[in-house]
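What follows is a single structure, written as structure tokens, with notes after it.
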Amino acid sequence: MTLSDEKKIIIAVDGYSSCGKSTVAKEIARQLNYVFIDSGAMYRAVTLFCLRNGLIVDGAVNLPALQDKLSSISVSFIYNPATSHNDVCLNGGNVEQEIRQLAVAQHVSQVAAIAGVRQLLVAQQQEMGRSKGIVMDGRDIGTVVFPEAELKIFMTADTRIRALRRYDEMIAKNEPVNFEEILKNITERDRYDETRAESPLRRAKDAIVLDNSIMTREEQFKWVLEKVEERIKKL
Ligand code: CDP
């Protein structure tokens, strides 16, 4: 009997920007044969919609115009056999690459602070977790989306280390970025995410903290899998 044959649970992975939540969540989902959902990709897709439709003017979101268009935004996922993961789609078009650009990162926290946007996406996320067997990463998964999740991990790491990881990731994709700009973006997003009125980023009381500043990926996977095993034994 392997872990993936056991009773299925919901695993919520929350934490700060660029601390490798998706990397961990993806691998854990693969090993358990669970669905992996990157909830940040959904907020990024809505932000891309705003950018494409001129809804961000002089750095500010045109709220009434966005409210008007909310019902015409559809965010979905499509399986990508090349990566074995789900790519995010905006109104049917695959935008997985485009949403990772700095232009999107620079506005996503503003868009994610809007109540109407959160209501739309949270309802969809809760629906995805109805039959459990899911690992979802984000900022409010353990607090708002799945407060009843059986396992909650709260990830963090030193800010400069996080910025360096994101820098290396973007350089590897040939994105024209500079380190200071990324550091600034991460610091600002963390501050914005932690201080917003709507579902601010905070550790759920029952979340276990994983500070991965000096851990390898393999060490993190092992650490989380041990927690999964312990949790499933207690069911
Ligand atoms: O990859 P990174 O950790 O930098 O960010 P992300 O997970 O792609 O999320 C992008 C942004 O979406 C965050 O900075 C938050 O502002 C927002 N977000 C949120 O508000 N709630 C979530 N559940 C996920 C993301």
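The values are calculated or read from the model by the stated rules, or taken from the named source; none is laboratory data. All of these numbers come straight from a predicted model, not from anything done at the bench. Don't worry about glycine lacking a Cβ; one is built from the backbone with ideal geometry, like all the others, and counts go over all protein chains shown. The accessibility values were calculated without ligands, DNA or RNA, using every heavy atom of the protein model including side chains. Shrake-Rupley method; radii C 1.70, N 1.55, O 1.52, S 1.80 Å.
Would you kindly state how much longer the chain becomes between R160 and D206 on full extension, computed as 0.36 nm times their sequence separation minus their alpha carbon distance, in nm to one decimal?
Answer, rounded to one decimal: 13.8 nm.
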Order Y192, Y79, Y16, most accessible first, counting only protein heavy atoms with a 1.4 angstrom probe. Y79, Y192, Y16
R202 accessible area, assembled protein chains, probe 1.4 Å, Å²: 130
Please list K227, K7 in order of solvent-accessible area, largest first, computed with a 1.4 Å probe with all protein chains present. K7, K227
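How long are the three semi-axes of the equivalent ellipsoid for segment 1-125, computed from the Cα gyration tensor as the root of 5 times each eigenvalue, in whole Å, largest first?
Each semi-axis is the square root of five times an eigenvalue, giving 29, 14, 14 Å.
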Check: C-alpha center segment 69-91 vs C-alpha center segment 116-137, spacing in Å is 14
Helical contribution to [θ] at 222 nm, DSSP H n ≥ 4, -39,500 (n - 2.57), averaged over the chain, rounded to 500: -14500 deg cm²/dmol
Under unit Cβ charges (Lys, Arg +1; Asp, Glu -1), what dipole magnitude, rounded to 20 debye, does segment 24-179 have relative to its Cα centre? 100
Once each part is reduced to its C-alpha centroid, what is the distance from segment 20-50 to segment 164-212 in angstrom? 15
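Only Cα pairs under 8 Å and at least 6 apart count here; give the relative contact order of segment 7-230 as a rounded whole percent.
Numbers: 326 pairs, mean separation 73.8, N = 224.
Once normalised by length, the contact order is 33 percent.
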Rotationally averaged projected area of segment 68-137 (alpha carbon convex hull; nm²): 5.7
Per residue and in cubic angstrom, what volume does the convex hull of the Cα atoms of the chain have? 127
Lys and Arg at +1, Asp and Glu at -1: add these up for the other residues within a Cβ distance under 12 Å of E181 and post the number. -1
